[in-house]
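Notes for the one structure printed next.
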Amino acid sequence: MILISLILSVFGCILLFNSLIGKWNIYFFIIFIGFFIVSVGIVILFNYSFILKRNEEIRKSAYQMQQLDQVYYQDLEKNNLELRKIRHDHKNHLINLKQLISCEKYEDAIEYIDKMIKSSSVKK
């Protein structure tokens, strides 16, 4: 890109110098225009390939983000399921305690609470 710009600048200076001294060489002008068109085409091609490469990087990044989001939501779903299980167990424990207390089985209720404290499900 820099080389093309330098060559175009040199051609431009030569063309300007020739126009100032009045020597217009038609062949030089045709070569300059041809080189200019080819140079512009090359610049457009480089920019197009850069844009394609950048779009591919963006697509890859979006895919990676989508994969991370999917893993995150799977973890949320797993945690939600575990929380529902814990709530269900907790509710059943409370129902059992209520039943024991309503039947005035206080010693059994205290034993049940002690077993709950020692169990691993309450520790989780």
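The values are calculated or read from the model by the stated rules, or taken from the named source; none is laboratory data. Bear in mind that the values here come from a model prediction, so they are computed numbers and not experimental data. Don't worry about glycine lacking a Cβ; one is built from the backbone with ideal geometry, like all the others, and counts go over all protein chains shown. Heads up: the accessible areas ignore ligands, DNA and RNA and are worked out on the full protein's heavy atoms, side chains in. Shrake-Rupley method; radii C 1.70, N 1.55, O 1.52, S 1.80 Å.
Data for the structure
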read-out: Selected residue (only one of Leu68, Leu97 is part of a helix (DSSP H, G or I) and modelled with pLDDT under 90); value: Leu97
read-out: Single unsatisfied condition, Ala109 versus (1) open to solvent by 100 Å² or more (accessible area, probe 1.4 Å); (2) in contact with a Leu (Cβ under 6 Å, 6 or more places away or on another chain); value: (1)
read-out: Pick from segment 100-121, criterion closer than 19 Å to His88 by Cβ and of a type in the set (Gly, Ala, Ser), ranking: nearest to the chain's Cα centre (by Cα); value: Ser121
read-out: Residue within segment 29-50 that is over 30 Å from Val10 (Cα atoms) and either part of a helix (DSSP H, G or I) or of a type in the set (S, T, N, Q) (or both) present; value: no
read-out: Meets criteria (open to solvent by less than 80 Å² (accessible area, probe 1.4 Å), in a helix (DSSP H, G or I) and farther than 30 Å from Cys13 by Cα) for Gln74; value: no
read-out: Considering residues of segment 52-69 that are open to solvent by 90 Å² or more (accessible area, probe 1.4 Å) and not hydroxyl-bearing (Ser, Thr, Tyr) only, the residue farthest from Ser9 (Cα to Cα); value: Leu68
read-out: Residue count for segment 23-51, restricted to those that are open to solvent by 90 Å² or more (accessible area, probe 1.4 Å) and at pLDDT below 75; value: 7
read-out: Counted residues, segment 77-99 - those being open to solvent by 100 Å² or more (accessible area, probe 1.4 Å) and under 50 Å from the mean Cα position of the chain (by Cα); value: 8
